[in-house]
Amino acid sequence: MRTSTLAAIVAAVALVAALFGLLALGQSDGPAEQTAEMAEGAPGATPPADAAAEPAAASNEDLLAPGSLPEQILGDAGAPVTVIEYASLTCPHCAEFHRTTFPAIKQRFVDTGKVRFIFREFPLDNFATAGFMLARCAGEGKYFPILDAFFAKQNEFLAAPDPFEWVQSFGKQVGFTQESLEACLSNQELLDSVMAVRQRASEKFGVGSTPTFFINGKIKRGAMSIEEFEKEIEPLPKS
């Protein structure tokens, strides 16, 4: 695929996002999170609309209701604690959390059956949207590995002189051909579904920055340390 073709596809992402009013994000609550205002000016970032009023607190039942895309879940379905994370692939705080803190959380809490971890898309710019679409197109069992790969290479992306070419190269590194890459990024139904996940989070659950976590329904904004996570989920309910 030529760079101009990929550029046109990512530009279409921006147009659809604007048409659906999906960029009404709130202000940052602290330094360890990224809002659309912080993303503005980054490669592919779309200027945010005025932030909507904070909605009423969502119930855990609403949070766990099926959305527009199948859930991406790690851990035991019967775990006493459910953690939902909304993140953006181009958010530096999200990348730092997934590179340094999440492996310990997975080892100590997810792999031991204490926590079920659900990851949901909240792209802050068009390139994060494209990355999420690639993760969704990649096939069974490849979603989290592609997220991990993007987060691991995020510094390369941020420093890339041509982010369009970087996305193309990344897609090929994780197994896409030119044809399959273009087919994925031009999938309008998938694009609409990714943006619907974000819209639902913003309008129903008050998500306005990344990362945002819900721990058994309790909202926590900003990247959390392993110690902060432990305080939130311990002591766990008795089985």
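The values are calculated or read from the model by the stated rules, or taken from the named source; none is laboratory data. None of the values given here were measured: they were computed from a predicted structure. Virtual Cβ from ideal backbone geometry, glycine too; neighbours counted across all protein chains shown.
Figures for the structure shown
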quantity: Given (1) touching a Pro at 6+ places or on another chain (Cβ under 7 Å); (2) charged (D, E, K, R); (3) in a loop (DSSP other than H, G, I, E, B), index of the condition GLU140 fails; calculated: (1)
quantity: Given (1) exposed (fewer than 15 other Cβ atoms within 10 Å of the Cβ); (2) out of contact with any helix residue (DSSP H, G or I) (no Cβ under 9 Å at 6 or more places or on another chain); (3) not aliphatic (A, V, I, L, M), number of the condition GLN188 does not satisfy; calculated: (2)
quantity: Candidates PHE102, PHE132, PHE170 - the one that is buried (at least 20 other Cβ atoms within 10 Å of the Cβ), in a helix (DSSP H, G or I) and in contact with a Pro (Cβ under 9 Å, 6 or more places away or on another chain); calculated: PHE132
quantity: Search result, residues across segment 102-145 that are among the β-branched types (Val, Ile, Thr) and in contact with a Leu (Cβ under 6 Å, 6 or more places away or on another chain); calculated: VAL110
quantity: Scope segment 135-157; condition surrounded by fewer than 16 Cβ atoms within 10 Å (Cβ to Cβ) and either more than 26 Å from ILE84 (Cβ to Cβ) or basic (Lys, Arg) (or both); matching residues; calculated: ASN155, GLU156
quantity: Scope segment 56-99; condition part of a helix (DSSP H, G or I) and under 30 Å from ASN155 (Cβ atoms); matching residues; calculated: PRO92, HIS93, CYS94, ALA95, GLU96, PHE97, HIS98, ARG99
quantity: Set LYS142, LYS172, LYS106, LYS153: member being charged (D, E, K, R), under 22 Å from SER209 (Cα atoms) and modelled with pLDDT of 95 or more; calculated: LYS153
quantity: Tally of residues being over 14 Å from ALA130 (Cβ atoms), polar (S, T, N, Q) and touching a residue at least 40 places away in the same chain (Cβ under 8 Å) across segment 156-187; calculated: 1
quantity: Some residue of segment 161-182 being within 19 Å of GLU71 (Cα to Cα) and within 17 Å of the chain's Cα centre (by Cα); calculated: no
quantity: Every residue from segment 105-129 that is touching an Asp or Glu at 6+ places or on another chain (Cβ under 8 Å) and in a strand (DSSP E or B); calculated: ARG116, PHE117, ILE118, PHE119, ARG120
quantity: Qualifying positions in segment 198-232 - among the hydrophobic types (A, V, I, L, M, F, W, C) and either free of Cβ contacts under 8 Å to residues at least 60 places away in the same chain or surrounded by 19 or more Cβ atoms within 10 Å (Cβ to Cβ) (or both); calculated: ALA201, PHE205, VAL207, PHE213, PHE214, ALA223, MET224, PHE229
quantity: The listed residue being surrounded by 14 or more Cβ atoms within 10 Å (Cβ to Cβ), modelled with pLDDT under 95 and in a loop (DSSP other than H, G, I, E, B), out of PRO31, PRO48; calculated: PRO48
quantity: Verdict on GLU165 being more than 21 Å from PHE119 (Cα to Cα), modelled with pLDDT under 95, touching a helix residue (DSSP H, G or I) at 6+ places or on another chain (Cβ under 9 Å) and surrounded by fewer than 22 Cβ atoms within 10 Å (Cβ to Cβ); calculated: yes
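Results for (1) outside any loop (DSSP other than H, G, I, E, B); (2) in contact with a Cys (Cβ under 8 Å, 6 or more places away or on another chain), shown as yes or no for each residue.
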{"residue": "GLU156", "(1), (2)": "yes, no"}
{"residue": "PRO161", "(1), (2)": "no, no"}
{"residue": "GLU179", "(1), (2)": "yes, no"}
{"residue": "LEU191", "(1), (2)": "yes, no"}
{"residue": "MET195", "(1), (2)": "yes, no"}
{"residue": "LYS204", "(1), (2)": "yes, no"}
{"residue": "PHE214", "(1), (2)": "yes, no"}
{"residue": "ALA223", "(1), (2)": "no, yes"}
